[in-house]
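The values are calculated or read from the model by the stated rules, or taken from the named source; none is laboratory data. Every value quoted in this text rests on a predicted model; they were computed, and no experiment measured them. Here the Cβ positions follow ideal geometry from the backbone for every residue, glycine too, while neighbour counts run over all protein chains shown.
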Amino acid sequence: MDFALRERVDAVLFAGDAYKSRDPSQTHQREFARRVAKLANEGIPVFLLTGNHDLPAVAGRASALEIFPTLDVQRVFVADHIGTTVVPTPSGPLQVVALPWIRRSQYLAREDTRDLTLDEINARLQETLTSLVQQELDALDPTLPAVLVGHATVSGATTGTERSMMLGRDPVLMLSTLASPRLDYVALGHVHKHQALAYNPLPLEGRGKGLGLPFVAYAGSLQRVDFSEEREAKGFCLVELDPKLPQGRRLEDYRFQPVHARPFVTVEVAVRSGDDPTRRVLDAIARTDIRDAVVRVIVALPEELDRAFREQDVRAALAGAHHVAAIHRNVERPNRTRLAPEASRGLTPTQALRLYLDARSTPPGRAETLLRHAEALIAEEQGEPEQPPLPL
């Protein structure tokens with residue numbers, strides 16, 4: 001928001017998922033609304049698209065973004081259905097085609113899908129959405145700049161760990177559905193990883209031959225959500241269109257602008273026999289920048305050192321972190337060899353012990369000593385004459 005105000009952008013396009021939860025707290029809603037209102041009050045229009053995290057779990061309830069049109073906030077546009085909005089900007093009108101997160105029930109009647117598999121339902125929904133989007137594209141004014149803002153999974157995207165909040169798999173739209181020459185740019189949300197899916201096929205002047213700037217792109221999430229995103233850059237896309245140029249040639253510049261997202265940090269330590277496990281972990285934490293980070297600690301250690309690990313000391317060393325997600329102890333236990341039932345059937349206790357000692361690679365001298373003592377104990381249990389004690 002600060003960047004948008006400082007650079008005096010013409011519009012802000014928000015591609016869905018204002019909150020991680022479908023039921024955000026009043027504090028989160030207040031802080032988000034405060035920032036949106038700040039942009040609008042400075043004359044910058046804001047286009048908000050509803051994502052799957054913005055929709056309530058129960059159909060019929062208000063979404064997390066409906067408060068803006070209810071209060072009639074000037075220069076704030078909210079889209080919760082497929083359609084086109086002409087957004088007035090300081091540099092002229094901008095056509096925005098909205099493709100919000102779609103509930104299957106909005107477009108497919110239950111009786112029409114009763115006997116279909118999930119894949120067949122998704123295929124039918126994909127056909128319906130493709131047709132509806134095409135209708136919007138066909139109705140665009142070619143003399144005005146046009147962008148599409150979508151919250152969907154598009155074929156070819158690297159999805160990472162983002163999971164649909166719907167039951168079953170997400171419907172996947174073909175890239176060819178969105179990469180239309182009628183559009184000047186396609187801004188996508190839903191997938192957390194920033195990536196470009198298609199480039200403007202027209203070469204740019206002074207930039208050599210070949211493909212131009214990213215034309216269809218996911219901005220990605222502004223914050224990290226889990227540790228799979230630990231090393232991903234987070235930010236937003238700055239796109240420049242020239243309204244004076246003809247349709248299909250208006251994309252002038254594209255830049256991914258990183259933000260200082262809260263870091264996720266993994267401290268991983270392998271402890272060897274003879275080490276002080278707590279000291280090894282504390283030394284690793286001291287070498288790692290954990291300030292204001294979400295931290296997890298993963299310790300691999302032998303079974304005999306597990307009790308020597310002092311977790312409270314490790315938590316004290318992590319006091320500077322924003323949040324300690326977990327302290328995992330991966331205890332290495334020796335493998336136990338078990339005989340199959342058919343192999344052990346009919347063995348005497350002495351024979352079974354010999355097999356066990358062989359499996360444990362017991363030194364021959366030690367094995368023979370243990371076997372002699374075992375035989376003495378067995379004989380005593382069976383009431384046989386007591387044998388003289390054997391030296392250990």
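If a residue must be modelled with pLDDT of 90 or more and not in a strand (DSSP E or B), how many such residues does region 82-112 contain?
Restricting attention to region 82-112, the residues satisfying the condition of being modelled with pLDDT of 90 or more are 82-100.
Now drop any that are not not in a strand (DSSP E or B), which leaves 82, 90-91, 100.
Residues flagged as modelled with pLDDT of 90 or more and not in a strand (DSSP E or B) within region 82-112 amount to 4.
For region 157-193, residues that are part of a strand (DSSP E or B) and either at pLDDT 90 or above or in contact with an Asp or Glu (Cβ under 6 Å, 6 or more places away or on another chain) (or both) total 5. Residues of region 226-240 that are surrounded by 14 or more Cβ atoms within 10 Å (Cβ to Cβ) and of a type outside the set (Asp, Glu): Phe227, Ser228, Lys234, Gly235, Phe236, Cys237, Leu238, Val239.
Tell me which residues, restricted to region 113-156, are more than 27 Å from Ser221 (Cα to Cα), modelled with pLDDT under 95 and small (Gly, Ala, Ser). If the condition is that a residue be more than 27 Å from Ser221 (Cα to Cα), modelled with pLDDT under 95 and small (Gly, Ala, Ser), then Ala123, Ser131 are the ones that fit. Checked against the criteria, Asp358 does not count as loosely packed, with under 15 Cβ neighbours inside 10 Å, out of contact with any Leu (no Cβ under 6 Å at 6 or more places or on another chain) and modelled with pLDDT of 85 or more.
All but one of (1) farther than 17 Å from Val239 by Cβ; (2) touching a Lys or Arg at 6+ places or on another chain (Cβ under 6 Å) hold for Pro45; which doesn't? Every condition holds for Pro45 apart from (1). Within region 329-349, restricting attention to residues that are modelled with pLDDT of 85 or more and surrounded by 13 or more Cβ atoms within 10 Å (Cβ to Cβ), the residue that is nearest to Val299 (Cα to Cα) is Arg329.
Filtered by the rule that a residue be surrounded by 14 or more Cβ atoms within 10 Å (Cβ to Cβ) and in a loop (DSSP other than H, G, I, E, B), region 13-46 gives Ala15, Gly16, Asp17, Ala18, Tyr19, Arg22, Pro24, Ile44, Pro45.
Listed here are the residues, each with its yes/no results for (1) out of contact with any Gly (no Cβ under 8 Å at 6 or more places or on another chain); (2) closer than 17 Å to Asp17 by Cβ; (3) assigned by TED's automatic domain parsing to the domain that holds Tyr19.
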position	(1), (2), (3)
Gln223	yes, yes, yes
Glu232	no, yes, yes
Leu238	yes, no, yes
Leu241	yes, no, yes
Lys244	yes, no, yes
Arg250	yes, no, yes
Tyr254	yes, no, yes
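Taking each residue of region 139-157 that is in the same structural domain as Leu175 (by TED's automatic domain parsing) and looking for partners that are outside any strand (DSSP E or B) and basic (Lys, Arg) with beta-carbon atoms closer than 7 Å, six or more apart or interchain, yields Leu140/Arg182; Pro145/Arg250; Ala146/Arg182.
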